[in-house]
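Asks: Have a look at this one before I ask anything.
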Number of protein chains: 2
Amino acid sequence: MIPYQIIEKKSLGLTLSESEIRTFIMGYSSGTIPDYQMSALLMAIFINGMTVEETLDLTRVMLESGNRMDFSAAPGFVADKHSTGGVGDKVSILLAPILAVLGIHVPMISGRGLGHSGGTLDKLESIPGFNVNLELKEWEDLVVHEGLGLIGQTGTICPADKKIYALRDVTATVRSIPLISASIMSKKIAEGIRGLVLDVKTGNGAFMQTLADSRKLANSLVSIGKGYGIRTTALITDMSQPLGFAIGNWFEMEESVKGLQGQGPEDLMAVTYALGAEILKMAHPELSQEGAVAMQKKTVADGSAFEKLKRITELQGGDSRVLDDLDKYSKAKFQKTIKSSKSGYLAGIDTMALGFAGIQLGAGRKMISDKIDFSSGIYMHCKLGDKIEIADDLLTLYCEDETKLSAVADQISAGFSFTETTPELPPLIVERIV
Amino acid sequence: MIPYQIIEKKSLGLTLSESEIRTFIMGYSSGTIPDYQMSALLMAIFINGMTVEETLDLTRVMLESGNRMDFSAAPGFVADKHSTGGVGDKVSILLAPILAVLGIHVPMISGRGLGHSGGTLDKLESIPGFNVNLELKEWEDLVVHEGLGLIGQTGTICPADKKIYALRDVTATVRSIPLISASIMSKKIAEGIRGLVLDVKTGNGAFMQTLADSRKLANSLVSIGKGYGIRTTALITDMSQPLGFAIGNWFEMEESVKGLQGQGPEDLMAVTYALGAEILKMAHPELSQEGAVAMQKKTVADGSAFEKLKRITELQGGDSRVLDDLDKYSKAKFQKTIKSSKSGYLAGIDTMALGFAGIQLGAGRKMISDKIDFSSGIYMHCKLGDKIEIADDLLTLYCEDETKLSAVADQISAGFSFTETTPELPPLIVERIV
């Protein structure tokens with residue numbers, strides 16, 4: 001079949017065979033199929049969907065387009081956590097060192113900010129000198145000997161996905177369950193892991209905003225993982241407000257450090273421990289949920305997880321002194337605190353608007369070539385359910401460009417809603433999918 | 001709105017505003033929006049469709065991307081015919097001179113072969129020297145003073161459509177009613193016509209194979225024409241077998257000449273006269289259907305229509321001697337006649353397969369760079385409903401490359417089906433849409 005006929009087949013809602021998917025994806029990856037044909041197929045998939053079988057085939061083809069890591073030499077359980085993305089989600093920065101201290105090997109390949117959401121790589125790079133572009137061999141050594149290594153996608157890991165991902169980002173075909181599933185899972189499978197926990201966000205700060213869509217995505221991801229013999233579970237967690245209080249790269253790094261020093265926000269720590277428990281129970285089936293959480297709390301209490309974060313920072317070229325002395329980090333030049341004009345119980349936050357506001361302040365990119373201001377961002381002074389009085393602080397904006405503050409403040413002020421009585425809030429951990 | 005958001009809106013099945021359509025189409029036409037974003041939007045339109053309003057907006061934007069002709073100086077009624085394309089459809093070559101003789105001005109902008117269907121420009125170019133790339137001024141003079149001029153789409157007429165059309169052809173987004181409608185109608189409106197008759201083909205040799213789809217397309221085309229103050233009607237005509245007997249460029253030219261000399265196939269002449277009558281009745285509302293047909297038959301009987309074809313051939317640089325002496329035209333080197341292996345009444349012909357067979361024999365292009373063999377093609381010896389005996393001739397293939405004959409013969413032989421009693425056949429003129 002020629003590319004034209006494969007596009008036509010999917011545009012009519014028919015099912016593609018494994019060889020049709022392979023022909024197209026490898027043709028695109030090698031450059032014989034042009035961008036405009038790939039984007040037509042992506043849009044047809046976006047609208048008409050893919051069967052479970054097609055999604056598995058797509059995952060396999062993207063996986064096989066590059067190298068698959070082999071960590072069988074690692075002495076402990078090799079596992080990773082992946083989040084579908086939200087606002088203020090810095091769990092990876094806490095969880096990777098906690099797990100490493102507990103004998104888990106975490107070969108974490110992270111991404112950059114996308115849409116309204118932040119990216120772990122950008123947050124790590126807020127530490128002066130931190131290098132997320134290690135040679136593969138160097139990274140493998142860190143994972144085996146230190147228990148963790150933190151890098152970005154390289155040209156040899158799922159190169160087909162890398163090229164397709166960039167095209168999806170400019171053709172409005174990101175929010176597709178089969179495309180998201182194959183993209184995430186091909187990279188995770190390529191990591192050579194034996195266990196995986198997925199943090200599938202739901203709510204108005206998530207890519208999948210309804211519980212039904214989040215559940216579909218979670219099930220799709222879990223079934224692919226299992227199909228590859230990886231122990232996989234997913235937690236659907238709430239993203240109807242930012243996780244923790246900090247939004248923006250250095251702010252989130254700072255909050256992560258405080259978390260590892262025993263002063264983390266309650267919701268952030270709860271999600272971190274819940275996700276960590278999933279992996280610890282895979283590694284040690286005899287462990288209870290309480291036991292798995294207690295083990296993690298101990299790595300915080302005794303400082304070992306924080307020491308691990310500092311050590312990996314140094315090994316990846318970063319200056320760990322800023323982690324020890326958070327106040328030394330240079331602050332954003334300008335700030336503006338938004339105060340409440342209403343009173344009542346905080347019942348709703350426009351979380352996605354906060355994510356985009358962070359980007360406008362300089363914490364993310366509007367174009368691929370934009371430079372990030374690591375000190376820019378937002379610090380929240382409230383959580384859903386809080387009793388707020390008129391003139392109470394809601395949040396503070398931080399920015400290098402004073403002129404942006406008022407415009408951004410105006411955009412997000414309307415996103416707060418209040419009720420007279422305590423509002424009903426979604427649970428933090430909404431569902432567990434196995 | 002940025003292009004991304006416009007694509008996203010259509011991918012979710014929402015309706016685009018006039019300014020969104022304009023931003024996107026003009027951005028693509030001017031090169032600021034890349035192919036891959038346009039193809040994503042085209043696929044979203046292909047699958048999710050467009051409202052009547054969106055289709056009108058798209059037509060307007062494509063129209064306004066280039067020049068619109070002004071034939072108000074022409075002394076008579078300015079009108080054109082357009083066919084949605086089929087196999088053996090050479091009506092334009094007969095009808096343009098007939099109408100010109102009857103005082104109608106026909107500024108006909110035609111296309112080349114597309115998919116399985118032939119194109120008027122290719123057929124005209126089978127006449128040695130015939131130039132379909134006149135300067136616009138030269139063409140306008142012919143339309144005003146001679147009553148007809150036969151050219152292809154230029155860079156100044158709907159350039160946005162020209163660029164989009166090429167992309168649709170390689171991204172499997174051709175068969176979309178709103179995209180077809182806007183493409184056809186923007187070009188027809190740009191011709192500066194006051195009347196238009198559309199020949200919307202239906203059946204297994206048409207792009208829209210079901211009557212329901214053909215009817216939808218006809219209604220869409222007619223409503224756009226009327227929206228622009230153009231008197232517009234459509235005839236849905238049968239394409240469940242080739243029109244006439246000849247398929248292939250010179251073969252069709254030859255059959256057209258014979259038609260203008262009073263020896264045309266019955267179906268070809270009936271469709272030609274029916275379409276012509278629509279335009280003549282627009283120009284002369286007092287005319288009866290019979291009167292409008294009779295006027296046209298007279299231009300054939302007295303030779304004036306044929307003289308007009310010869311004259312326009314000469315004025316457009318063609319050698320009209322081949323029209324006077326058809327036998328002088330060089331024949332294809334090889335031929336093969338397919339005989340029937342069954343007997344009965346001919347009840348079905350795979351018309352699209354015949355169109356593609358013609359292309360394989362050299363009568364059309366598989367790639368844009370292919371050269372056409374004008375003498376290649378197919379001559380039919382039968383029509384649906386004929387009583388066929390075993391070993392009767394069904395059709396003859398003509399080709400410059402002997403090796404192709406057997407392969408093509410094998411492909412199309414299976415496309416003929418027979419019944420024991422006279423089969424029920426669709427009417428030639430299926431419906432009239434006003």
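Read-outs throughout are calculated quantities, based only on the coordinates presented, and are distinct from any laboratory measurement. Bear in mind the structure is a predicted one, so any value in this text is a computation, not a measurement. Every residue, glycine as well, gets a Cβ built from its backbone with ideal geometry; the counts of neighbours run over all protein chains shown.
Asks: Round to the nearest 0.05 the FRET efficiency obtained for residue B:135 and residue A:216 when R0 = 60 Å and r is the Cβ-Cβ distance.
Replies: 0.50
Asks: Still on this structure, I have one more. Only Cα pairs under 8 Å and at least 6 apart count here; give the relative contact order of the range B:266-369 as a rounded whole percent.
Replies: Reported relative contact order: 11 percent.
Asks: If you don't mind, there's one more thing I want to ask. Once you list every other residue whose beta carbon is under 13 Å from the beta carbon of residue B:371, what net charge do they have if Lys and Arg are +1 and Asp and Glu are -1?
Replies: Local net charge: -3.
Asks: Here's a follow-up. I want to verify the translational diffusion coefficient of the range A:331-419 in µm²/s; compute it with Stokes-Einstein, Rh as the Kirkwood radius over Cα pairs, at 20 °C and 1.002 mPa s.
Replies: Estimated diffusion coefficient is 160 µm²/s.
Asks: Oh, and also: Cα axis of helix A:289-301 to longest principal axis of chain A: angle in degrees, 0 to 90, nearest 10?
Replies: On a 0 to 90 degree scale, this one is about 60.
Asks: List the GluC sites (Glu not before Pro) within the range A:285-352 that fall in a DSSP loop (any state other than H, G, I, E or B) and whose Cβ has at most 11 other Cβ atoms within 10 Å.
Replies: A:286
Asks: Going by alpha carbons, how many degrees (0 to 90, nearest 10) lie between the helix axis of A:402-413 and the longest principal axis of chain A?
Replies: Result, in degrees: 80.
Asks: Packing-wise, with mean Cβ within 10 Å as the measure, how do B:190-196, A:139-145 rank, highest first?
Replies: B:190-196, A:139-145
Asks: Here's a follow-up. What is the average number of partner chain Cβ atoms found within 10 Å of a Cβ in B:31-42?
Replies: Partner Cβ neighbours, averaged per residue: 6.
Asks: I need the phi-derived Karplus couplings for the range B:84-89: 6.51 cos²θ - 1.76 cosθ + 1.60, θ = phi - 60°, integer Hz, Gly and Pro marked x.
Replies: With coefficients 6.51, -1.76 and 1.60, one gets 6, x, x, 10, x, 8 Hz.
Asks: Calculate, in whole percent, how much of the Cα-Cα pair population of the range A:3-49 lies beyond 18 Å. Let's see the in-between values first.
Replies: On the way: 173 of 1081 pairs.
Counting pairs separated by more than 18 Å, the tail of P(r) holds 16 percent.
Asks: Can you give me the angle between helix B:177-190 and the longest principal axis of chain B, using Cα atoms only, in degrees from 0 to 90, rounded to the nearest 10?
Replies: So the inclination is approximately 90 degrees.
Asks: Can you give the Kirkwood hydrodynamic radius of the range A:228-307 from its Cα pairs, in Å with one decimal?
Replies: Taking every pair of different Cα atoms in the range A:228-307, averaging 1/r and inverting gives 13.8 Å.
Asks: Principal axes first, then extents: for the Cα atoms of the range A:178-263, list largest minus smallest coordinate on each axis, whole Å, largest first.
Replies: Principal-axis extents of the range A:178-263 (Cα, largest first): 39, 30, 19 Å.
Asks: Another question, then. So for the pair residue B:343, residue A:14, with labels modelled 7 Å out along Cα→Cβ, what separation do we get in nm?
Replies: The two pseudo-label positions are separated by 3.9 nm.
Asks: Something else: Please work out the Cα convex hull volume for the range A:276-434 and give it in Å³ per residue.
Replies: Taking the convex hull of the Cα positions in the range A:276-434, it is 192 Å³ per residue.
Asks: If one puts a single equal scatterer on every Cα of the protein assembly as shown and applies the Debye formula without solvent, what log₁₀ I(q)/I(0) results at q = 0.04, 0.05, 0.10 Å⁻¹?
Replies: Values returned for q = 0.04, 0.05, 0.10 Å⁻¹ are -0.26, -0.40, -1.01.
Asks: Looking at the range B:157-220, how many pairs of lysines come closer than 21 Å at the Cα, when each pair is eight or more places apart or spans two chains?
Replies: Qualifying lysine pairs in the range B:157-220: 9.
Asks: Let me ask something else about it. How far, in nm, would the chain grow between residue A:370 and residue A:2 when pulled straight, counting 0.36 nm per residue and subtracting the alpha carbon separation?
Replies: That pair, residue A:370 and residue A:2, stretches by 128.6 nm at full extension.
Asks: Would you kindly give the portion of the calculated P(r) for the range B:83-125 that falls above 17 Å, as a percent of all Cα pairs?
Replies: Of all Cα-Cα pairs in the range B:83-125, 31 percent lie more than 17 Å apart.
Asks: A further question on this structure: About the Cα centre of chain B, how large is the charge dipole given +1 on each Lys and Arg Cβ and -1 on each Asp and Glu Cβ? Please answer in debye to the nearest 20.
Replies: So the dipole magnitude of chain B works out to roughly 520 debye.
Asks: Before anything else, pin down the relative contact order of chain A: Cα pairs under 8 Å, at least 6 apart, normalised by residue count, whole percent.
Replies: Reported relative contact order: 18 percent.
Asks: Which residues' amide hydrogens lie under 5 Å from the amide hydrogen of residue B:347, considering only partners 5 or more residues apart or on another chain, with H built in the peptide plane?
Replies: B:385, B:417, B:418, B:419
Asks: Average projected area of the Cα convex hull of chain B, in nm²?
Replies: 20.4 nm²
Asks: Between residue B:432 and residue B:51, how high is the FRET efficiency from 1/(1 + (r/R0)^6) when r is the Cβ-Cβ distance and R₀ = 22 Å? Nearest 0.05.
Replies: 0.30
Asks: Further, regarding this structure: Lysines near residue A:331 by alpha-carbon distance under 23 Å, same-chain residues fewer than 8 away left out - which ones?
Replies: Cross-link targets: A:90, A:123, A:258, A:310, A:339, A:366, A:371, A:404.
Asks: Return the percentage of antiparallel bridges among DSSP beta bridges fully within chain B, rounded to the nearest 5 %. Could you put the intermediate results ahead of the total?
Replies: On the way: 23 of 42 bridges.
About 55 percent, rounded to the nearest 5.
Asks: With the Cα gyration tensor of the range A:79-324 giving a ≥ b ≥ c as the square roots of its eigenvalues, does the rule (a/c under 1.5 for rounded; else a/b larger than b/c for prolate; else oblate) give rounded, prolate or oblate? Spell out each step's value before the answer.
Replies: Values: a/c = 1.29, a/b = 1.20, b/c = 1.07.
Rounded.
Asks: Using the crude model of +1 on Lys and Arg Cβ and -1 on Asp and Glu Cβ, and no other charge, please compute the dipole size for the protein assembly as shown relative to its Cα centre, in debye to 20.
Replies: With only Lys, Arg, Asp and Glu charged at Cβ, the dipole is about 160 debye.
Asks: For the protein assembly as shown, what is the percent of antiparallel DSSP beta bridges, rounded to the nearest 5?
Replies: Bridges in the protein assembly as shown that DSSP calls antiparallel: roughly 55 percent.
Asks: Next question. Could you compute Rg(Cα) / (2.2 N^0.38 Å) for the range B:1-107, with N its residue count?
Replies: 1.43
Asks: Let me ask another. Go ahead and run the numbers for FRET between residue A:68 and residue A:270, Cβ-Cβ distance against an R0 of 35 Å, rounding to 0.05.
Replies: That pair, residue A:68 with residue A:270, gives E of 0.55.
Asks: Residue by residue through B:170-181, how many Cβ atoms from other chains fall within 10 Å of the Cβ on average?
Replies: 4
Asks: Can you tell me the relative contact order of the range B:331-397? Whole percent, Cα pairs under 8 Å, sequence separation 6 or more.
Replies: For the range B:331-397, the relative contact order is 49 percent.
Asks: Continuing with the same structure: Using the Kirkwood radius over Cα pairs, work out the Stokes-Einstein diffusion coefficient for the range A:236-279 at 20 °C and 1.002 mPa s, in µm²/s as a whole number.
Replies: So the translational diffusion coefficient is about 196 µm²/s.
Asks: Going toward the positive end of the dipole of the protein assembly as shown, with +1 on Lys and Arg Cβ and -1 on Asp and Glu Cβ, which of A:149, B:294, B:27 do you reach last?
Replies: The residue sitting farthest along the positive end of the dipole is B:294.
Asks: Further question: Under a Cβ-only charge scheme (Lys and Arg +1, Asp and Glu -1), can you give me the dipole magnitude of the range A:1-128 about the Cα centre, in debye to the nearest 20?
Replies: Dipole magnitude for the range A:1-128 comes out near 260 debye.
Asks: Highest first, please rank the peptides A:84-94, B:324-334 by the mean number of other Cβ atoms sitting within 10 Å of their residues.
Replies: For the peptides A:84-94, B:324-334, the packing ranking is A:84-94, B:324-334.
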